[in-house]
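Working notes for the structure below.
The values are calculated or read from the model by the stated rules, or taken from the named source; none is laboratory data. The structure presented is a predicted model; accordingly, all values stated were derived computationally and were not measured. Heads up, the Cβs are rebuilt from the backbone with ideal geometry, glycines too, and the neighbour counts pull from every protein chain shown.
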Amino acid sequence: MRSAATPKPPNWTLSVVAAIAAVLLAIGFNSLIVINPGQAGVLSILGKAQDGVLLEGIHVKPPLVSVVDVYDLTVQKFEVPAQSSTKDLQELSASFAINFRLDPLQVVTIRRTQGSLQNIVSKIVAPQTQESFKIAAARRTVEEAITKREELKRDFDEALDLRLQKYGIIVLDTSVVDLNFSKEFSRAVEEKQIAEQRAQRAIYVAREAEQEAAATINRAKGQAEAQRLLRETLTGELLQKQAIEKWDGHFPQVLGGNGAVPFLNLDISSAGPTKS
């Protein structure tokens with residue numbers, strides 16, 4: 001007697017089982033979130049941000065009704081323009097490179113108040129950079145802002161750091177990428193530099209003339225002193241002695257008008273009587 005064959009389950013049953021398994025698997029995966037190093041997550045359930053930041057690692061979350069917003073905690077760099085008036089009411093514009101990162105303990109507050117990183121830059125970093133630059137620029141003239149650039153940057157850094165801390169933004173470093181002033185001031189600076197160069201040239205010429213005059217006076221004094229000493233030392237006896245020392249022993253062929261030998265003083269009266 002042939003045994004009856006085992007009835008096969010209908011195809012729809014297998015489909016249902018496979019669908020249930022797929023749903024359970026999807027729910028399982030949806031219940032886990034992985035936060036990588038350098039990131040922080042904020043869990044929101046039915047649109048409401050939950051307290052407690054999710055740091056790196058694996059975290060469980062309610063499936064289907066929750067979402068995790070992940071924030072980058074690494075260093076962010078943005079270039080932000082700024083404009084201000086100086087103490088002497090000159091227009092000054094600058095561009096700052098801002099390096100910052102988010103405070104991981106404040107990420108939940110950032111999520112609730114600002115949302116995305118783009119909002120943080122446009123709504124917080126950029127306006128506070130502008131205000132901080134106004135504070136720093138208003139403390140000095142435009143010339144001081146240029147010649148004392150490090151002091152300007154220091155005041156800017158202090159103001160910006162104080163303003164961004166309350167938003168959970170940590171400023172790491174800033175740098176002045178560009179610093180520009182009005183065309184009127186540029187023209188004034190150029191004219192001042194030309195005037196200073198001319199003044200320095202005039203001072204140099206005056207000093208040169210003064211030194212030349214002093215040198216001329218000193219040369220004249222030296223010549224006068226040399227002539228005085230020469231007059232005192234060159235007596236008639238000395239001159240005659242020098243002439244005799246230089247004489248080569250030969251009388252000149254042509255004598256002077258008075259028939260005397262140069263530098264030879266003969267006392268005829270002292271000679272003895274002549275023979276008759």
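Structure notes:
Conditions (1) closer than 24 Å to G38 by Cβ; (2) over 15 Å from the mean Cα position of the chain (by Cα), marked per residue:
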position	(1), (2)
L105	yes, yes
I110	yes, yes
S116	yes, yes
F133	no, yes
T141	no, yes
I146	no, no
R149	no, no
L162	no, yes
I170	yes, yes
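- Only residues that are at pLDDT 95 or above and either of a type in the set (S, T, N, Q) or touching a His at 6+ places or on another chain (Cβ under 8 Å) (or both) were counted in the stretch 80-112, giving 1.
- For the stretch 31-54, the candidate set comprises residues that are loosely packed, with under 15 Cβ neighbours inside 10 Å and not small (G, A, S); within that set, the residue that is modelled with the lowest pLDDT is L32.
- Residue list for the stretch 29-65, restricted to those being in contact (Cβ under 8 Å) with a residue 24 or more places away in the chain and on the phi > 0 side of the Ramachandran plot: G38, G52, L64
- Failed item in (1) closer than 28 Å to V53 by Cα; (2) in contact with a strand residue (DSSP E or B) (Cβ under 6 Å, 6 or more places away or on another chain); (3) part of a helix (DSSP H, G or I), with L172 passing the rest: (3)
Matching residues to (1) of a type in the set (G, A, S); (2) over 44 Å from the mean Cα position of the chain (by Cα); (3) assigned by TED's automatic domain parsing to the domain that holds I135:
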residue: K48; (1), (2), (3): no, yes, no
residue: G52; (1), (2), (3): yes, no, no
residue: I58; (1), (2), (3): no, yes, no
residue: K61; (1), (2), (3): no, yes, no
residue: L64; (1), (2), (3): no, yes, no
residue: V67; (1), (2), (3): no, yes, no
residue: A82; (1), (2), (3): yes, no, yes
residue: T86; (1), (2), (3): no, no, yes
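- Some residue of the stretch 92-105 being assigned to a helix (DSSP H, G or I) and either among the β-branched types (V, I, T) or under 30 Å from E184 (Cα atoms) (or both): no
- Restricting the stretch 96-112 to residues that are closer than 23 Å to E56 by Cα and touching a helix residue (DSSP H, G or I) at 6+ places or on another chain (Cβ under 9 Å) leaves a set whose member that is surrounded by the fewest Cβ atoms within 10 Å (Cβ to Cβ) is D103.
- Residues within the stretch 131-175 that are modelled with pLDDT under 90 and aliphatic (A, V, I, L, M), tallied: 3
- Note on the stretch 114-164: enclosed helices (runs of 4 or more DSSP H) holding 3 or more residues that are farther than 17 Å from A82 by Cα and assigned by TED's automatic domain parsing to the domain that holds D103 are 117-120, 142-147.
- Exclusive hit being closer than 29 Å to K134 by Cβ, in contact (Cβ under 8 Å) with a residue 24 or more places away in the chain and not charged (D, E, K, R), set V80, V68: V80
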